[in-house]
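This report refers to the structure that appears directly beneath it.
The values are calculated or read from the model by the stated rules, or taken from the named source; none is laboratory data. For clarity, every value in this text was computed on a predicted model and none was experimentally measured. Heads up, the Cβs are rebuilt from the backbone with ideal geometry, glycines too, and the neighbour counts pull from every protein chain shown.
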């Protein structure tokens, strides 16, 4: 995994998990790799993995019990919250990008619809 | 202690191949030279007889008979070569750990045991090589005399003489125990001096190192002169007391050299 | 905690280290950063006891104890005739804190053969051997001098993999390197050396979180006058 070196690595790891929670690649209650395993998998320092897991615990994204692998939260509200967060982030980024080239809102919305449907069609064809 | 033994073992293993080669070559040269000189002598006699139409006894009268001592000139040469080898080894045993593809000195200085084990293992290795050279040379001289007896014709041989040594060799290969001990002690002292000089050079940068070496050599030479002069001049002591004092002087220097070397190795040495 | 206090070193009249002080915490990867020839290597060698200093002390958990520190220099230290297996046997013979299991595991990970003669190996493989000699000692602090210098990309990745593994646990590592860009994300702390002194120390994640700066950004700030 490539990392942006100007923002905290542990938050980038949390984000990685959030993306997979939002897409349900990681399901409610699913076991996640241990800190050691994720460190080796993502190529990060075990301390960073530790920090990331702690942060995810604080954000209630995962639950940890002693001697048992950590699991993704079963709380559906948390999953919803993550999806909303990811969407908000993507939308903000997008809006900033289109605002920079000063496109009016209705053009933006119709363009979004068109492109979205096209990518769905391409997915079906493939 | 354990590390000292391990390191000594290692030093010996490292140099063993080269050591064996050197010993075999020296032995070969010496023994072959004995036989060659016997044959040369025979040839000289024969030539004389032919050229001057002389009888055997006349030729032997003129040229002279041969005894073993006459054939041992190469041994003297080889003994000197042996000394040179030991001196070179005393330098090389240190410098090879600094120079070359790998810097083993790093490994040595990082070992968990005390650093004096490094010093004494190298000293032991050089000492053993030195002692073994002396011992082996004795063996070769003896073997040479058998070879001599076997290869020479009776008439050509000088009446048997218990002394198998030429005068120059006798100085060195004395059957006198005291002298032998003296020689070994002095040689060991020289090795201690060499070790000290090497460590001085390695503990200081560039020119400073060489200056220290020059100073230390001067100290040694002065010390040696003073001791020898004193022993020579004083009329107050018996010969045996002089010997004891001489041994004392040698020990004092060795202790000094070792003590300084150990201190350098502990506090000042740098990779 | 490995603490370095006030290291000073002069080569003749020229001062190289003028009071270097910093710490290397346990369970973290600390990187010592400085321009070429500024004395990074000298600092590591001084901590390892290979180079004498004019002043200063090194404390491990409050006491002077070189046997808690393992040093991996940037050059080969085993005699040329040795094979990899010989080198491992050597370490086992001389060190009571040598861990043969760790060594075997690393041999497998690095795909090295005990029968290979060390000087016949490629530079990358030689570097891996040196790393094994350091990592397989059960010592809490490890010093690495330019572990990535002059080696190929694939080997670099293999070595960087060590810093993502369980081999980091129970260890405080101090490293010097010029190849910062590829491994920045693995470093916990950076210590900046300039003109023989430590002028800056940071936790890297803090630097990123509070200032949005990467280590390289900070390096540019510090070293470009």
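Things to note:
- Residues satisfying the stated conditions in the stretch A:1-15, i.e. more than 9 Å from chain C (Cβ to nearest Cβ) and buried (at least 16 other Cβ atoms within 10 Å of the Cβ): A:13, A:14
- Residues in the stretch C:193-225 that are in a helix (DSSP H, G or I) and away from chain A (no Cβ under 11 Å) were compared, and the one that is nearest to residue A:14 (Cα to Cα) is C:219.
- For the stretch C:181-189, the condition holds for no residue, the condition being that it is assigned to a strand (DSSP E or B), away from every other protein chain (no Cβ under 11 Å), under 17 Å from residue C:24 (Cα atoms) and in contact (Cβ under 8 Å) with a residue 24 or more places away in the chain.
- Residues within the stretch B:102-121 that are in contact with a helix residue (DSSP H, G or I) (Cβ under 6 Å, 6 or more places away or on another chain) and within 14 Å of chain C (Cβ to nearest Cβ), tallied: 8
- Enumeration of residues in the stretch B:225-240 that are assigned to a helix (DSSP H, G or I) and either in contact (Cβ under 8 Å) with a residue 24 or more places away in the chain or loosely packed, with under 12 Cβ neighbours inside 10 Å (or both): B:225, B:226, B:229, B:232, B:233, B:239, B:240
- Residue in the stretch B:128-140 that is within 14 Å of chain C (Cβ to nearest Cβ), part of a helix (DSSP H, G or I) and either within 20 Å of the chain's Cα centre (by Cα) or free of Cβ contacts under 8 Å to residues at least 40 places away in the same chain (or both) present: no
- The single condition among (1) under 15 Å from residue C:4 (Cβ atoms); (2) buried (at least 19 other Cβ atoms within 10 Å of the Cβ); (3) over 16 Å from the mean Cα position of the chain (by Cα) that residue C:214 does not satisfy is (1).
- Filtering the stretch C:155-175 to residues that are more than 12 Å from residue A:47 (Cβ to Cβ) and surrounded by fewer than 22 Cβ atoms within 10 Å (Cβ to Cβ) leaves C:155, C:156, C:157, C:158, C:159, C:160, C:161, C:162, C:165, C:166, C:167, C:170.
- Those residues of the stretch C:1-15 which are surrounded by 20 or more Cβ atoms within 10 Å (Cβ to Cβ) and either within 14 Å of another protein chain (Cβ to nearest Cβ) or farther than 24 Å from residue C:167 by Cα (or both), in sequence order: C:7, C:9
- Residue C:157, sole failed condition from (1) more than 15 Å from the chain's Cα centre (by Cα); (2) not in a helix (DSSP H, G or I): (2)
- Candidates C:39, C:62, C:124: the one that is at pLDDT below 95, touching a strand residue (DSSP E or B) at 6+ places or on another chain (Cβ under 6 Å) and farther than 20 Å from residue B:104 by Cβ is C:39.
- Residue match in the stretch A:29-47 (condition: surrounded by fewer than 19 Cβ atoms within 10 Å (Cβ to Cβ) and under 16 Å from the mean Cα position of the chain (by Cα)): yes
- Among the numbered conditions (1) surrounded by fewer than 18 Cβ atoms within 10 Å (Cβ to Cβ); (2) out of contact with any helix residue (DSSP H, G or I) (no Cβ under 9 Å at 6 or more places or on another chain); (3) on the phi < 0 side of the Ramachandran plot; (4) within 14 Å of chain C (Cβ to nearest Cβ), the only one that residue B:96 does not meet is (2).
- Filtering the stretch C:94-119 to residues that are within 11 Å of chain B (Cβ to nearest Cβ) and either under 23 Å from residue C:150 (Cβ atoms) or surrounded by fewer than 14 Cβ atoms within 10 Å (Cβ to Cβ) (or both) leaves C:96, C:97, C:118, C:119.
One line per residue, one yes/no per condition, for (1) in contact with a helix residue (DSSP H, G or I) (Cβ under 8 Å, 6 or more places away or on another chain); (2) in contact (Cβ under 8 Å) with a residue 40 or more places away in the chain:
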position: C:48; (1), (2): yes, yes
position: C:54; (1), (2): no, yes
position: C:76; (1), (2): yes, yes
position: C:96; (1), (2): no, no
position: C:104; (1), (2): no, no
position: C:126; (1), (2): yes, yes
position: C:144; (1), (2): yes, yes
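- Near pairs, Cβ below 9 angstrom, 6+ apart or cross-chain, from the stretch A:97-126 (assigned to a loop (DSSP other than H, G, I, E, B)) to any residue that is surrounded by 10 or more Cβ atoms within 10 Å (Cβ to Cβ): A:103/A:111
- The residues of the stretch A:29-78 that are at the interface with chain C (Cβ under 9 Å from one of its Cβ atoms) and assigned to a loop (DSSP other than H, G, I, E, B), listed by number, are A:43, A:44, A:45.
- Test: residue in the stretch B:10-24 that is surrounded by 12 or more Cβ atoms within 10 Å (Cβ to Cβ), over 30 Å from residue B:114 (Cβ atoms), in contact (Cβ under 8 Å) with a residue 40 or more places away in the chain and assigned by TED's automatic domain parsing to the domain that holds residue B:129: yes
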